[in-house]
Amino acid sequence: MARAPAMTSSAVANMSFSTQPPETEPSKRPSSRTSMWLPRGRGAEPQVETTVAIAIRLPFQARAAASTLSFSAMVSLPSQPSDNAWRVESFVARSLAFAALLLAQGCVGVQESAMANRPIVIAHRGASGERPEHTLLSYSLAIEQGADFIEPDLVPTKDGVLVARHENEISGTTDVAAHPEFAARKATKTIDGAPVTGWFTEDFTLAELKTLRAKERLPQLRPGNTRYDGQAEIPTLDEIITLAKRASRESGRTIGIYPETKHPSYFASIGLPLEQRLVTKLREAGWDRADAPVFIQSFEVANLRKLKGMTRVPLIQLMAASGGPADGAEPSYAAMATPEGLARVAQYATGIGPERTMIQPASGAATSLVTDAHAAGLKVHPWTFRAENFSCSLPGGRPAVPPNMVGSPGKSGISSDLAWTGYSAITHI
């Protein structure tokens with residue numbers, strides 16, 4: 001029998017309640033709104049009986065089967081005619097609250113159970129295929145489309161606040177170049193061994209960054225997104241956590257966050273380390289536990305090893321098809337993707353986030369990376385599935401995810417720029 005969809009006690013706001021009298025014989029059914037009836041037999045105490053019906057709005061993933069889940073129960077209690085209405089109303093109110101609580105608590109872990117039967121969907125920079133990336137517009141749309149996690153790339157401001165940008169250089173994702181008051185901030189810096197010219201988050205206070213507006217990073221590839229240019233601020237980690245928690249309450253399913261620590265060794269070198277700032281915010285959110293709705297990811301190794309001793313949330317080692325960690329902790333990502341390298345990763349991480357071509361090259365047979373990672377006890381969350389880079393699709397143009405990309409459902413996930421297509425794709429695996 002199928003289990004109920006994920007729900008928490010906060011989902012009570014998404015329920016509709018109604019009461020109705022029982023379907024008794026017409027002669028036994030009272031006309032009063034208190035639904036009193038006399039049971040058969042002499043001396044029986046008057047009873048009040050009410051059917052409690054609860055309709056629960058289902059989260060996005062469950063709507064393919066039905067739009068609502070119904071629950072009903074018959075309740076009764078002794079009553080005196082003088083206080084019958086008060087008793088019924090009080091009892092029904094308490095019954096509704098108790099039934100909602102039972103449903104909520106009975107569904108604890110159901111989302112995790114459901115996700116154990118399919119890969120998780122990670123909204124890469126939000127719904128970045130349809131809105132400017134790393135904005136509340138993008139994250140909100142991804143949640144509406146069914147994402148399990150929203151993924152912010154985190155960089156610090158001059159005053160140490162974590163904000164979401166793909167890179168700390170922001171000329172491609174904001175209108176900073178159009179602000180003459182910041183013209184003198186343009187600079188050239190060496191980031192992870194490469195020269196980069198532009199404007200950098202670490203040279204702006206949060207208040208200054210909040211005067212900027214986000215824009216589409218890839219306007220030629222995604223021209224439709226440009227109509228949202230200028231509509232969103234740069235969000236802080238606090239604002240993203242608030243969004244995820246509010247969406248969880250409103251949808252009745254847990255929305256997690258999947259932050260990436262960007263250039264951690266660089267930021268440590270300039271006195272703005274990311275790790276403690278991130279862990280502090282997660283603790284403030286109540287998310288410092290192994291089952292928290294959080295994954296922390298990084299392309300570097302040393303900061304993940306450090307985080308292993310700072311937090312209990314799961315860690316993901318990112319890998320690219322070429323190159324190696326900027327901190328030099330491993331010779332290359334290719335070496336890390338071997339069985340021996342994966343065994344080392346398993347000492348500090350819960351899983352890996354490999355570039356998808358490390359699993360399925362553009363030509364030739366699939367590699368053994370998924371199998372090898374699972375053998376090492378690691379989850380596999382490959383990146384990035386985009387509408388622009390799919391060679392095969394499902395009806396309606398939805399991208400298909402080859403099964404060898406994800407492996408065991410309970411140990412897998414996909415990172416997608418289009419959460420709804422990501423969800424559609426994994427449900428066809």
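The values are calculated or read from the model by the stated rules, or taken from the named source; none is laboratory data. As the structure is a prediction and not an experimental result, all values here were calculated from the model. Glycine also receives a Cβ, built like all others from the backbone with ideal geometry; neighbour counts cover every protein chain displayed. These accessible areas exclude ligands, DNA and RNA; they are computed on the full protein's heavy atoms, side chains included. Shrake-Rupley method; radii C 1.70, N 1.55, O 1.52, S 1.80 Å.
Side notes on the structure shown:
- Only Cα sites of region 231-280 enter the Debye sum here, all with the same form factor; the resulting log10 I(q)/I(0) across q = 0.23 1/Å is -0.92, listed in q order.
- Ranking of LYS189, LYS262 by solvent-accessible surface, largest first: LYS189, LYS262 (1.4 Å probe, protein heavy atoms only, all chains present).
- Average accessible surface area per residue within region 201-321, 1.4 Å rolling probe, Å²: 40 Å²
- Shape class for region 170-223: oblate, because the ratio a/c of the largest to smallest gyration tensor axis (alpha-carbon atoms, square roots of eigenvalues) is 1.5 or more and b/c is at least a/b.
- Pair GLU181, LYS308: separation of 7 Å Cα→Cβ label points (nm): 4.6 nm
- For region 117-197, the share of accessible area belonging to carbon and sulfur comes to 53 percent (1.4 Å probe, ligands and nucleic acids excluded).
- Heavy-atom accessible surface of region 267-328: percent carbon and sulfur, 1.4 Å: 51 percent
- Full extension of the chain segment joining ARG283 with THR357 gains 23.1 nm, where the gain is 0.36 nm per residue of separation less the Cα-Cα distance.
- Measuring between alpha carbons in the structure, the pairs from LYS158/LYS245; LYS158/LYS189; LYS158/LYS262 lying more than 21 angstrom apart are LYS158/LYS245.
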